[in-house]
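Chemist: Structure below; questions to follow.
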Amino acid sequence: MVSNRQVLAMLDELIELATLDEGSPQSFKVRAYERARRSVENQATEVADLGLKEIQGIGGIGKSIASTIVEFSSTGRVSKLEALRTKYPPAIRELTRIPGLGPKTVKMIRRELGVESLDDLLVALEQQQLRGLPGLGPTSEAKIARAVERLGLTGKDRRTPLVSALPVAEAFSRDLKTLEGVHAVELCGSARRFRESVADVDLVVAADSTVWPEVMKAVSSHPLVHQTLLSGTTKTSVLTQGGLGVDVRVVAPHQIGAAILYFTGSKAHNVRLRQLAMAQDRLLNEYGLFPQDGDDPVASETEEEIYAALGMAWLPPEIREDAGEIEAALEHRVPRLVSAADLLGDLHFHTDRSGDGRSSPLEMVQAAIHAGLEYVAITDHGEDLAINGLSREQMESHRRHIARLGERYPEIELLFGCELNIGADGTLDYDLAFRMGFDWCVASIHSYYDLTPRQQTRRILRAIADPTVSAIGHLTGRMLGRRPGIELELDPVLEELAGRGVALEVNGALDRLDASAEVIRRAAAMGVNLVVSTDSHHVSELKRMSYGAANARRGWATPEAVLNTLPRQEFLARLRARREGIG
Ligand code: DGT
Ligand code: CA
Ligand code: ZN
């Protein structure tokens, strides 16, 4: 049984590799794969259960891709994909994710300089070999070197963005759960702590000891595996096709709590816990909390029991970094942190009226109601965003459409909003009078990533000072693993946000997670209001709310610090009060 999720993952890899092979994301083939991907994404039924003819009958899927899907569902393999994987090993694929090194350039440096890995690239940069190649010069060399450094790709510090790691973790987890005798599969390590990038994925499997060999075998033979690095009786380490390490450990079901506590870390957090245990004449390890001289654990089955025995309440994994959480827990003053269930509205939300939106206003509103939201601000792009933005006339007709939807669905408050573009000098779309017509504006950076920190700070400060701006969207504009964000002076920006009552967005898109957890923590401490938003462009993206909440927790955000935890009427009252205060 092949699920749509698996088909989507297969198509994603095909898109990545075909882009490399064709040298451009604009190639006919790549665009056909992307069209097919969108069609599969929009299917309610499992595509792989259909026959060739039926798959071809779905709009957007041509004959060749339809037969690829059939091959995948009947054999579990895709020969086209396997050929591409051989042609582009993980080390090469990694190179193409570096800004400034598109598929074409990677092809060229591979051919001309024999660059086959990041290490080779570092040598080539060191020896200034890139500047001799067509289309490259000292500036592009410097830009690439800087991107490599800022993305943390060098040497053994190489990290994978969470957005790429989570689907891998889910694929292993889902498949291991189907094995007989497996009780649970738990994600641990930095991915569970929701670090924005991970060195590797850690999974802990609770299983009857009779099936441990099967579990270990299933890990090594998983379809995502490129190479098995270590295969033991309780631990297997593999490297995926995408170059990501995965460590899987099996434990007995009664030890799962101790195991996930240990393997969730962080190391610094664990060290503190072990010291606490020692001060109590006890021993804490991955099997349990033990008396100094005994084999019967004081606690091992759940994390809660172990924390309780150490004199603490359970701690959310996102804050287990030895950054104050241990002291807070011992003094019983860990605040309740925000969770997705607290979030009652979404304040950054697109429809297909934006050029990059993919679901209609009706579908988006129904999805929001289905997700239990009490209010949404529909914030399609302002006119300054090339191709994707709406002209005044389009905005006016959009407004009327939204108003009609609002009448039809009284169970949800539809705020009419806009995602404004912050210009190079901080000016915004339309004019002030037109912008005043919006109920909620999120202002974001979508251009000019290379200005100096001083210039970036100034343009953001100017945007914050605009009376129509309610929130600053994805603060730095970064795309994790692909594009470093803008550099800015943080404190002046946070002071201005706090002073003017403009909210800072916690963007739930996994490839953004912008603002970062560090910025969130600092902002909340400075009294800046936060909003957790999905920035959805499709109905499937409303689930990002839980990612946004996790990142907010990593920044120690409480429900009180987050504006969209307010119920509908209270939120509207806050909005009115702010308007009057400014007006
Ligand atoms: P990373 O680097 O993104 O993979 O970060 P983690 O935290 O996932 O680190 P990893 O994969 O090396 O180890 C997973 C967890 O296992 C770690 O958070 C804590 C635990 N652990 C691993 N090695 C040690 C160790 O030497 N001492 C202690 N106390 N804990 C360890
Ligand atoms: Ca790890
Ligand atoms: Zn947006």
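The values are calculated or read from the model by the stated rules, or taken from the named source; none is laboratory data. Note that this is a predicted model, so its numbers are computed, not measured. For neighbour counting, all protein chains shown are included, and Cβ atoms are generated from backbone atoms with ideal geometry for every residue, glycine included.
Chemist: So which residues in the stretch 224-266 are of a type in the set (Val, Ile, Thr) and surrounded by fewer than 20 Cβ atoms within 10 Å (Cβ to Cβ)?
Modeler: Val225, Thr228, Thr233, Thr234
Chemist: Further question: In this structure, is Val182 more than 16 Å from ligand 2 (Cβ to nearest atom), of a type outside the set (Gly, Ala, Ser), in contact (Cβ under 8 Å) with a residue 24 or more places away in the chain and surrounded by fewer than 22 Cβ atoms within 10 Å (Cβ to Cβ)?
Modeler: Judged against the criteria, Val182 is a match.
Chemist: If you don't mind, there's one more thing I want to ask. When you scan the stretch 419-427, do you find a residue that is surrounded by 15 or more Cβ atoms within 10 Å (Cβ to Cβ), in contact with an Asp or Glu (Cβ under 8 Å, 6 or more places away or on another chain), within 20 Å of Asp346 (Cα to Cα) and charged (D, E, K, R), even just one?
Modeler: Yes, the conditions are met somewhere in the stretch 419-427.
Chemist: Tell me which residues, restricted to the stretch 479-508, are at pLDDT 95 or above, under 18 Å from Gly555 (Cβ atoms) and crowded, with 19+ Cβ neighbours inside 10 Å.
Modeler: Scanning the stretch 479-508 gives Leu488, Val493, Leu494, Leu497, Val502, Ala503, Leu504, Glu505, Val506, Asn507, Gly508.
Chemist: Between a first residue in the stretch 513-531 that is touching a residue at least 12 places away in the same chain (Cβ under 8 Å) and a second residue that is crowded, with 19+ Cβ neighbours inside 10 Å and of a type in the set (Phe, Trp, Tyr), which pairs have beta carbons less than 9 Å apart while being 6 or more apart in sequence or on different chains?
Modeler: So the pair list comes out as Leu513/Phe194; Leu513/Tyr547; Ala517/Phe194; Ala517/Trp556; Ile520/Trp556; Arg521/Trp556; Ala524/Trp556.
Chemist: Only one residue in Leu153, Leu176 is more than 10 Å from ligand 1 (Cβ to nearest atom), modelled with pLDDT under 95 and aliphatic (A, V, I, L, M), so which one is that? Outline the logic, then answer.
Modeler: Working: Leu176 fails: modelled with pLDDT under 95.
It is Leu153.
Chemist: Quick one: in the stretch 384-412, of everything that is closer than 14 Å to Ser444 by Cβ and in contact (Cβ under 8 Å) with a residue 40 or more places away in the chain, which residue is nearest to ligand 1 (Cβ to nearest atom)?
Modeler: Result: Leu385.
Chemist: Please work out which one of (1) surrounded by 18 or more Cβ atoms within 10 Å (Cβ to Cβ); (2) closer than 22 Å to Leu17 by Cβ; (3) within 16 Å of ligand 2 (Cβ to nearest atom) is the condition Ser190 fails and give its number.
Modeler: So the condition that Ser190 fails would be (2).
Chemist: Taking the stretch 413-442 on its own, how many of its residues are touching a residue at least 40 places away in the same chain (Cβ under 8 Å) and touching a helix residue (DSSP H, G or I) at 6+ places or on another chain (Cβ under 9 Å)?
Modeler: 12
Chemist: Let me ask another. Limited to the stretch 186-208, what total is found for residues that are assigned to a loop (DSSP other than H, G, I, E, B) and in contact with a strand residue (DSSP E or B) (Cβ under 8 Å, 6 or more places away or on another chain)?
Modeler: 3
Chemist: From the set of residues in the stretch 1-44 that are at pLDDT below 85 and among the hydroxyl-bearing types (Ser, Thr, Tyr), which is surrounded by the fewest Cβ atoms within 10 Å (Cβ to Cβ)?
Modeler: Ser3
Chemist: Just the residues that are among the charged types (D, E, K, R), in a loop (DSSP other than H, G, I, E, B) and either farther than 18 Å from Asp429 by Cβ or in contact (Cβ under 8 Å) with a residue 60 or more places away in the chain (or both), please, taken from the stretch 463-489.
Modeler: The first filter runs over the stretch 463-489 and keeps only residues among the charged types (D, E, K, R), leaving 466, 478, 482-483, 487, 489.
If we keep only those that are in a loop (DSSP other than H, G, I, E, B) as well, we get 466, 478, 482, 487, 489.
Answer for the stretch 463-489, where residues must be among the charged types (D, E, K, R), in a loop (DSSP other than H, G, I, E, B) and either farther than 18 Å from Asp429 by Cβ or in contact (Cβ under 8 Å) with a residue 60 or more places away in the chain (or both): Arg478, Arg482, Glu487, Glu489.
Chemist: Shifting gears a bit: Please verify whether Asp346 is among the acidic types (Asp, Glu), at pLDDT 95 or above and buried (at least 22 other Cβ atoms within 10 Å of the Cβ), treating the condition exactly as stated.
Modeler: Yes.
Chemist: Of all residues in the stretch 322-339, how many are surrounded by 19 or more Cβ atoms within 10 Å (Cβ to Cβ) and under 22 Å from the mean Cα position of the chain (by Cα)?
Modeler: 2
Chemist: Across the stretch 509-534, what is the number of residues that are among the β-branched types (Val, Ile, Thr) and assigned to a strand (DSSP E or B)?
Modeler: Of the residues in that region, 2 qualify.
Chemist: So, in the stretch 537-583, of the ones that are among the hydroxyl-bearing types (Ser, Thr, Tyr) and crowded, with 22+ Cβ neighbours inside 10 Å, which residue ends up nearest to Leu414 (Cα to Cα)?
Modeler: Step by step, filter the stretch 537-583, then rank; the result is Thr565.
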